[in-house]
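The next block holds one structure in the form of structure tokens; read it before the comments.
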Amino acid sequence: MTQRTARLLLLGLVALLPAFAVQAESRRQEALNQSGDAVRVLDDMFNTKDGAPDKQLPSDLLKNAKAIAVIPSMIKAGLIFGGRHGNGLISVKSADGTWSNPNFISMTGGSVGFQAGISSTDVILVFRTTRGVDNIVNGKFTLGADASAAAGPVGRTATAATDGQLKAEIYSYSRSKGLFAGIALDGARLAIDDDYNEAVYGKGVTARRIFENGVENVPNEVVNFRDKLEEYTQK
């Protein structure tokens, strides 16, 4: 490579730096917007339109949760063959009972059936064990394969579950038109969203470090998600 070629390449890279900066800021803003949407979903957990306790997530199930994930506006689209995709946040409960800073996650999953059009729904996953979370940190995780999953119960207490003994490790819910209902998501795959994590927490920050609250200068939008979990799971 000649000096002239090297100089031109360097000038080209310098010219691209502003574009990289804009892209990074755009990704950060997307992540923060995702946090705000997830907080609104958490608010709706205990603030249904009619205020009826029998239309809310069971409080005892939430109090005993080891982790909670929220995927707002998950998209389901298809004509005969369909697919799902969404982005959200997940926090784990620490040994002292407090909630961790959240990791950003993505969720994808396919479905087959007679369907058409596009629909959007909010999804909440309640983890009753840490096994699923460990699998997510170590790589992709599939509901129903790496941990048992079931449509979650709705009502005052978890004893309303059709699975009366609560054997499932993860309970899944969808929210549509302000109301929650259990939803089966077997086969859906969860993974840490490294791009959003980097945009919010900085380069080289691992998922485990985030869960262990080993990060600083966490944006308020992200702190709000953790604080809402603290508020609502203590009720």
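The values are calculated or read from the model by the stated rules, or taken from the named source; none is laboratory data. Because the structure is predicted, anything quoted here is derived from the model rather than measured. Note that we place each Cβ from the backbone using ideal geometry, even for glycine, and neighbour counts take in every protein chain shown. Ligands, DNA and RNA are stripped out before the accessible areas are found, and what is left, the full protein with its side chains, is counted by its heavy atoms. Shrake-Rupley method; radii C 1.70, N 1.55, O 1.52, S 1.80 Å.
Within the range 186-235, the set of residues being within 14 Å of the chain's Cα centre (by Cα) and without any contact (Cβ under 8 Å) to a residue 60 or more places away in the chain comprises Asp194 only.
Here is the figure for the range 189-226: residues that are on the phi < 0 side of the Ramachandran plot and open to solvent by less than 70 Å² (accessible area, probe 1.4 Å) total 21. When the residues of the range 23-50 are filtered to those that are farther than 13 Å from Lys228 by Cα and at pLDDT below 70, the one that is most open to solvent (accessible area, probe 1.4 Å) is Lys49. The combined condition, being open to solvent by 60 Å² or more (accessible area, probe 1.4 Å) and in a loop (DSSP other than H, G, I, E, B), is fulfilled by Asp186. When restricted to residues that are at pLDDT 80 or above, touching a strand residue (DSSP E or B) at 6+ places or on another chain (Cβ under 6 Å), more than 13 Å from Phe127 (Cα to Cα) and surrounded by fewer than 19 Cβ atoms within 10 Å (Cβ to Cβ), the range 51-99 contains 0. Residue count for the range 123-146 satisfying the condition of being in contact with a Ser or Thr (Cβ under 9 Å, 6 or more places away or on another chain), open to solvent by 10 Å² or more (accessible area, probe 1.4 Å) and at pLDDT 85 or above: 0.
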